[in-house]
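Report on one structure; see the data block that follows.
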Amino acid sequence: MNKAMDTASHKINTALIVDDEPDIRELLEITLSRMDIETTSAADLQQARASLAKNKYDLCLTDMRLPDGSGIDLVREIQQQHSNLPVAVITAHGNMQSAIEALKAGAFDFVSKPVDLQILRNLVETALRLSNEQKPVETLSEPELLGNSPAIRQTCKTIGKLSRSQAPVYISGESGVGKELVAQLIHKQGPRADKPFIPVNCGAIPGELMESEFFGHKKGSFTGAVSDKQGLFQAANGGTLFLDEVADLPLSMQVKLLRAVQEKAIRPIGEQREIPIDVRILSATHKDLEQLTKGGQFRQDLFYRINVITLHVPGLRERPEDIPMLTRYFIKRIATTWKTKIPSLQRPAMEALIKYPFPGNVRELENILERAMTLCESDLISTEDLQLPEGNTAGINNYSLTNKKTSTKPLGLNPILENTEREEIIRALQQTRYNKTAAAKLLGISFRAMRYRIKKLRIE
């Protein structure tokens, strides 16, 4: 009775297998049946189309070469007619060009012949999580990528599409636009959302430690390896590995990374065999990766492998209409963190922000607002409090700051002025026995301004 009730309440997943080789079909059928998946088999495109017309499936596995066409043709048809059906392709060993072509056509993922059953099972489990997800994409993520501009709406739409694939995505854009945030959203909205998201700054890892950091090592494999160490690929297993500033990888590491991505396996230092890994690769850099490839600083084969799909994140100057919304968001967040009253912006200050080109993008906006909230004497932020640099105003339409007192000082005086300011602050702190509130009052500035200047001048 209980068994019957469990069976009735348990959803039976179904899969369509398309391959003209009976042995491969049988292998796939046995593997999926052991995962409690009902299968339907087709030997060519015609049979596959007939099955798709009659039945609804949770997953489709198709060979690339079929008697009456290509598996990529089936991928494209499924994308158009059954957009919620994940389809994975089976490629010949080493034929990465076909795999990349299939991913660009909309395939969920690929598996190479001879089929590694563990890799196949990982792929199937991930695809079924995606297929069985009932919530629409829009409700899966928090509203973290803020803005209503056409540029940001298109970016959010693309993120939704990319989250349903396992294809490697290269995220391009200037420093400070939020490339890691975009990577997080792709991860959160996809079937790997409950698995790890591991970001790594490729330029921050010393060259001699890079292989160990990425792939791990066995105890005793080199001097200092006093215990087994798990690498970043293993830490991200089942989830997403985000390679930030991927252009900073040395060529020797690029070779090893290419193999890991292509073979879906890694070999820790000191290990005799490769370990299968199930990781989605997202990468980013603010550099021109294509130009680096042409110049020989980045491997072309790795570039094509991680650049299956490119997502460009627009700079803040490309969407100035989003600046008021972002400004309100950051001011509220900073005030909440500081546990202070939320200040307002004077209209000229907001206009100045909208006209400013933001070479540092969203990150620079947040830093400017944090500084302004520290310097403002009241709960109203003025243009002067923003301290926007005048030397970085290329492309601004007839814009100049209302108050130019702080920018008319020759640059050569900056060290002298900072030293003088540091001495005055230290003197005030000594006179008040390091009571910052009293020292600020003595100097005639606000406590927030005092705190900002202590931090800026690195006064211990």
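The values are calculated or read from the model by the stated rules, or taken from the named source; none is laboratory data. Computed from a predicted model, the values in this text were never measured in an experiment. Counting neighbours? That spans all protein chains shown, and the Cβs are built from the backbone with ideal geometry, glycine included. To get the accessible areas, we keep the full protein, side chains included, count just its heavy atoms, and leave off ligands, DNA and RNA. Shrake-Rupley method; radii C 1.70, N 1.55, O 1.52, S 1.80 Å.
Before moving on, here are some points about what is shown:
- Links that overshoot a 28 Å alpha carbon limit, given the list 11/54; 188/339; 195/341; 287/332: 188/339; 195/341; 287/332
- Calculated [θ] (222 nm, deg cm²/dmol) that DSSP helices of n ≥ 4 give over the chain, each run adding -39,500 (n - 2.57): -13000 deg cm²/dmol
- Note on the chain: antiparallel DSSP beta bridges, both residues inside, total approximately 10 percent of the bridges counted.
- Folded to 0 to 90 degrees: helix 71-81 orientation relative to the chain principal axis, Cα: 70 degrees
- The calculated FRET efficiency for residue 271 paired with residue 21, based on their beta-carbon distance and R0 = 45 Å, is about 0.85.
- Fully extended contour minus Cα-Cα distance, from residue 317 to residue 434, at 0.36 nm per residue: 37.9 nm
- Where labels lie 7 Å past Cα in the beta-carbon direction, separation of residue 325 and residue 104 in nm: 3.3 nm
- Multiplying the residue separation of residue 80 and residue 225 by 0.36 nm and subtracting their alpha-carbon distance yields 47.0 nm.
- Where a label projected 7 Å from the Cα of residue 65 along Cα→Cβ would reach, residues of the range 108-126 with amide N under 17 Å: 111-115
- Among (1) 24.8; (2) 25.9; (3) 22.8, the entry derived from the coordinates for Kirkwood radius over Cα pairs in Å: (2)
- For the range 151-251, the solvent-accessible area of protein heavy atoms averages 40 Å² per residue (probe radius 1.4 Å; ligands and nucleic acids excluded).
- Protection proxy ranking for 166-178, 326-338, using the average of other Cβ atoms within 10 Å per residue and placing the highest first: 166-178, 326-338.
- Contact order for the range 248-331, expressed relative to its length and based on alpha carbon pairs under 8 Å spaced 6+ residues apart, stands at 25 percent.
- Peptides 116-128, 205-217 ranked from most to least packed give 116-128, 205-217, packing being the mean of other C-beta atoms within 10 angstrom over each peptide's residues.
- Crossing angle, helix 117-131 versus the chain [Cα axis fit, 0-90 degrees, rounded to tens]: 70 degrees
- Rounded percent of accessible protein surface that carbon and sulfur make up, the chain, 1.4 Å probe: 49 percent
- Shape call, the range 1-128: gyration tensor on alpha carbons, a/c limit 1.5: prolate
- Gain on full stretching of the segment that runs from residue 292 to residue 161 - 0.36 nm per residue minus C-alpha separation: 44.3 nm
- Kirkwood-type radius of the range 242-339, with distances r between different C-alpha atoms, in Å: 16.6 Å
- Using a Förster distance of 41 Å, the FRET efficiency for residue 95-residue 455 (Cβ separation, nearest 0.05): 0.15
- Helix axis angle, 96-105 relative to the chain longest principal axis, alpha carbon, degrees: 70 degrees
- Placed amide H near residue 112: partners under 5 Å, 5+ positions off or other chain: 91
- FRET efficiency, 1/(1 + (r/R0)^6) with R0 41 Å, evaluated for residue 310 and residue 344 via beta carbons: 0.55
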